[in-house]
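> The structure follows.
The values are calculated or read from the model by the stated rules, or taken from the named source; none is laboratory data. No experiment lies behind these values; they were computed from the predicted model shown. Positions of Cβ are backbone-derived with ideal geometry, glycine not excepted, and every protein chain shown enters the neighbour counts. These area figures cover heavy atoms from the full protein model, side chains too; ligands, DNA and RNA do not enter into them. Shrake-Rupley method; radii C 1.70, N 1.55, O 1.52, S 1.80 Å.
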Amino acid sequence: MTDRYCVLGNPVAHSRSPAIHAMFAAQCRQDLSYEALLAPLDGFADTLRCFVAGGGKGANVTVPFKEEAFRLCSSVSDRAAQAGAVNTLTFTGAEVRGDNTDGAGLVRDIESNLSFALAGRRILLLGAGGAARGVIAPLLAAHPADLFVANRTAARAAELVRLFGGTAVVDGGDFAKIAGRSFDLVVNATSASLAGQALPLPDGAFAEGALAYDMMYGKGETPFLALARSQGAARLADGLGMLVEQAAEAFFVWRGVHPASGPVLAALRAQLAA
Ligand code: NDP
């Protein structure tokens with residue numbers, strides 16, 4: 001019988017995950033289906049329960065449910081526990097196991113696909129939601145010089161600094177706290193681009209040679225990347241590579257096989273450009 005998987009989110013119609021997993025399944029000769037499911041903002045747990053009751057084997061979780069999904073798990077991987085957010089669920093009998101592949105996906109995209117070494121870099125992470133939580137520990141494991149978390153709601157940034165500071169240099173606050181600092185890598189992990197909104201990023205945030213990375217992806221330049229270009233960022237990247245790499249890692253979690261991400265990323269780029 002074909003194994004069922006899905007991505008749950010709100011909004012979710014823009015998601016390329018069904019196309020990615022269909023390509024991985026064909027490449028690795030795995031018999032599975034993968035669909036996008038819109039969960040009501042107050043109905044994530046119910047939507048998930050229905051999917052599991054219908055024989056679902058696993059699910060990806062996207063905006064804004066990653067932290068809620070974490071709280072519903074009966075067990076989690078170490079990297080999900082560190083993040084306090086999950087993007088990959090596996091259902092076995094009554095067990096709901098949570099994992100987080102976002103950080104591995106981001107770091108692989110930046111270091112391998114974009115050839116941008118993270119060691120010694122000054123990193124600015126915008127946002128303190130589920131996606132930001134998932135990438136902090138993997139970014140810190142790549143030994144940057146420091147990491148600053150800026151978020152619209154300063155208290156959420158402060159909470160991440162409390163959780164992830166310690167041995168690493170992690171600082172944070174609201175967007176005003178960025179003024180006067182510059183960074184080699186600026187990662188947008190807010191959902192502002194999803195709503196077509198720009199961020200109040202002060203001038204001077206991008207150091208010489210800096211990479212601007214928007215986790216959001218789509219046809220054309222996102223508002224964040226347009227802003228980064230106008231503020232002098234040397235390199236721009238959207239989150240399509242991260243999406244493919246986190247999906248490859250989730251596919252491995254579910255199926256025990258590593259798909260080749262390169263051809264899938266190239267196919268998606270071509271689709272977006274068409
Ligand atoms: P959450 O809903 O958990 O968090 C949203 C974050 O965005 C919060 O920090 C929130 O700030 C901030 N935010 C929302 N609107 C604005 C705004 N207008 N101005 C400033 N800040 C804003 O979402 P996720 O963390 O799950 O996802 C964030 C983004 O990352 C989404 O666009 C998602 O699609 C993308 N993503 C991409 C991935 C990829 O593979 N490419 C993987 C994971 C995520 P506040 O705390 O103040 O509300």
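> With the full set of protein chains in place, find how many percent of the accessible area of the chain is carbon and sulfur; take the probe as 1.4 Å.
Working: 6170 of 11610 Å².
Summing carbon and sulfur atoms, their accessible area is 53 percent of the total for the chain.
> If you plug each phi of segment 210-227 into the Karplus form 6.51 cos²θ - 1.76 cosθ + 1.60 with θ = phi - 60°, what whole-Hz ³J(HN,Hα) values come out, in order, with x for Gly and Pro?
Here the 3J(HN,Hα) series is 5, 9, 9, 10, 9, 5, 6, 9, x, 6, x, 7, 6, x, 5, 5, 5, 5 Hz.
> Using only Cα atoms, what is the ratio of the radius of gyration of segment 103-238 to 2.2 N^0.38 Å?
With N residues counted in segment 103-238, Rg over 2.2 N^0.38 Å equals 0.94.
> Which one of 184, 203, 31 has the biggest mean-square fluctuation once the chain is modelled by GNM with Cα springs under 10 Å?
Maximum fluctuation in the GNM of the chain, among the listed residues, is at 31.
> Using θ = phi - 60° and the Karplus relation 6.51 cos²θ - 1.76 cosθ + 1.60, list the HN-Hα couplings for segment 267-274 in order, rounded to whole Hz, with x at every Gly or Pro.
Result, ordered by residue: 5, 5, 4, 5, 4, 5, 6, 5 Hz.
> Report the per residue volume, in Å³, of the convex hull enclosing the C-alpha atoms of the chain. It would help to have the intermediate numbers written out before the result.
Working: hull volume 33.1 nm³, N = 274.
Taking only Cα atoms, the chain has a hull volume of 121 Å³ per residue.
> Output the relative contact order of segment 103-238, whole-number percent, from Cα pairs under 8 angstrom with separation of 6+ residues. Kindly include the intermediate steps, with their values, before the conclusion.
Numbers: 264 pairs, mean separation 27.5, N = 136.
Reported as a whole number, the value is 20 percent.
> Here's another thing I want to ask about it. Please state, as a whole number in µm²/s, the translational diffusion coefficient that the Stokes-Einstein equation yields for segment 1-82 at 25 °C and 0.890 mPa s, with Rh defined as the Kirkwood radius across alpha carbon pairs.
Numbers: Rh = 13.4 Å.
Taking Rh from Cα pairs, D becomes 182 µm²/s.
> Could you order peptides 131-140, 150-159 by the average number of other Cβ atoms within 10 Å of their residues, highest first? Let's see the in-between values first.
Working: 131-140: 25.2, 150-159: 18.2.
Top of the packing list down: 131-140, 150-159.
> With a 1.4 Å probe and all protein chains in place, put 238, 46 in order of accessible area, largest first. Write down the numbers at each step before the final one.
Numbers: 238 25, 46 90 Å².
Most to least solvent-accessible, the answer reads 46, 238.
> If you don't mind, there's one more thing I want to ask. Taking a quarter of the surface of the Cα convex hull of segment 182-271, what do you get in nm²?
Taking the Cα atoms of segment 182-271, their convex hull projects to 6.7 nm² on average.
> On a 1.4 Å probe surface of the protein chains, which of 219, 66, 57 comes out largest in accessible area, and what is the full order? Intermediate values should be presented prior to the final figure.
Working: 219 135, 66 25, 57 85 Å².
Greatest to least solvent exposure: 219, 57, 66.
> Also: Got a sec? What order do 86, 63 fall in by accessible area at 1.4 Å, biggest, i.e. largest, first? Mind showing how you got there, number by number?
On the way: 86 0, 63 40 Å².
In descending accessible area the options line up as 63, 86.
> In Å², and per residue, what accessible area does segment 103-238 have when probed at 1.4 Å with the other protein chains present? Display every interim value, and only then the final one.
Numbers: 5580 Å² over 136 residues.
Heavy-atom accessible area per residue stands at 41 Å².
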